[in-house]
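Student: Following this message is one structure expressed as structure tokens.
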Amino acid sequence: MRQIREHIRWIFGLSAATLLILAGCASYQSREVAFRHPTAFANVQAVAGAQIAAEAFADKGKAKEAFGFDIREAGLLPVQVVLDNAGDQALQVVPEQTFLIDDAGGMWNLLENRAAYERLEKSTEYGRIAKGSGKGAFLGATGGAIVGAAIGILVGENVGEAAMKGAAVGGAGGAVIGGAHAMEGSDEPRQITRDLANKELKNRSVEPGSMGRGFLFFPGEATSAKQLRLQVKEVGSGKVHTLFLPL
């Protein structure tokens, strides 16, 4: 009888361990995030011939659905920006003058990419996903490192290919998102790195007739998102426009 009980306990223990392993394997799922034209948003605004809109992902469930993991628990609050430039001037976001405004009127700076990735790497959510992958999967394996801009606009650039070449992306100074060594392989930390790199708003100009879209990352200490103070600059003339987009 005792042997039977021990055998049953062993089976339950093995089953629990198997479930934990399977849960770990399924802890991250790569997600594509759809975007809508600015005119589909209630907060769309026109400036210099362009239409610009934004959407906050302050809600934990909504953010997790978009990113495939609990990015809010990791200390980041994402805001998606979409810009359709039908004007005659190239436009560029001014990161140091772009802020998130919460319900209490508090204003939050954009996180530089390095700060955003460090927050993610140090979070318990990252630890849950990256079990067994070792520390520094984001910032440690940086042979031929990419130094990202604080923000950026994805306009046809293949971020993965640039990463494999160790190319510099943007010029505003920001996060090391990995070089050839960091981007090879298919484990979850590297997949997250790849996915976030492709979701980020890159700090480059949106030419006339082009669209730009991507995410800005703000500190997770902001528990709400009421408005986005977004500043854009006409590259040719240097003229600056400041928008307040309700979120």
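Student: Does residue 96 satisfy the condition of being of a type outside the set (A, V, I, L, M, F, W, C), open to solvent by less than 20 Å² (accessible area, probe 1.4 Å) and over 13 Å from the mean Cα position of the chain (by Cα)? Even if it seems obvious, please write down each step before you answer.
Tutor: Details: of a type outside the set (A, V, I, L, M, F, W, C): yes; open to solvent by less than 20 Å² (accessible area, probe 1.4 Å): no; over 13 Å from the mean Cα position of the chain (by Cα): yes.
Criteria not met by residue 96.
Student: Could I ask something else about it? Just name the residue that is surrounded by the most Cβ atoms within 10 Å (Cβ to Cβ) out of those in the stretch 99-117 that are more than 18 Å from the chain's Cα centre (by Cα) and aliphatic (A, V, I, L, M).
Tutor: 101
Student: Filter the helices (runs of 4 or more DSSP H) completely within the stretch 141-247 down to those with at least 1 residues that are at pLDDT 50 or above and open to solvent by less than 10 Å² (accessible area, probe 1.4 Å). Show your work before the answer.
Tutor: Numbers: elements: 159-165, 180-183, 188-199.
The helices (runs of 4 or more DSSP H) meeting that bar are 188-199.
Student: Could you tell me which of the residues 59, 84, 70 is open to solvent by 20 Å² or more (accessible area, probe 1.4 Å), closer than 23 Å to residue 196 by Cα and in contact with a His (Cβ under 7 Å, 6 or more places away or on another chain)?
Tutor: Details: 59 fails: in contact with a His (Cβ under 7 Å, 6 or more places away or on another chain); 70 fails: in contact with a His (Cβ under 7 Å, 6 or more places away or on another chain).
The unique qualifying residue is 84.
Student: Mind counting the residues in the stretch 47-72 that are part of a helix (DSSP H, G or I) and hydrophobic (A, V, I, L, M, F, W, C)? Step through it out loud before you land on a result.
Tutor: Going through the stretch 47-72, the residues part of a helix (DSSP H, G or I) turn out to be 60-67.
In the following step, the residues that additionally are hydrophobic (A, V, I, L, M, F, W, C) were identified as 63, 66-67.
Adding up the residues that qualify gives 3.
Student: Considering each residue of the stretch 73-118, count those that are assigned to a strand (DSSP E or B) and over 16 Å from residue 220 (Cα atoms), and give that number. Quick ask: steps written out before the conclusion?
Tutor: First, pick out the residues of the stretch 73-118 that are assigned to a strand (DSSP E or B): 76-85, 91-93, 99-101, 107-109.
Those left that are additionally over 16 Å from residue 220 (Cα atoms): 81-85, 91-93.
Residues flagged as assigned to a strand (DSSP E or B) and over 16 Å from residue 220 (Cα atoms) within the stretch 73-118 amount to 8.
The values are calculated or read from the model by the stated rules, or taken from the named source; none is laboratory data. Just so you know, these numbers come straight off a predicted model, no measurement behind them. Note that we place each Cβ from the backbone using ideal geometry, even for glycine, and neighbour counts take in every protein chain shown. Ligands, DNA and RNA are excluded from the accessible area calculation, which covers all protein heavy atoms including side chains. Shrake-Rupley method; radii C 1.70, N 1.55, O 1.52, S 1.80 Å.
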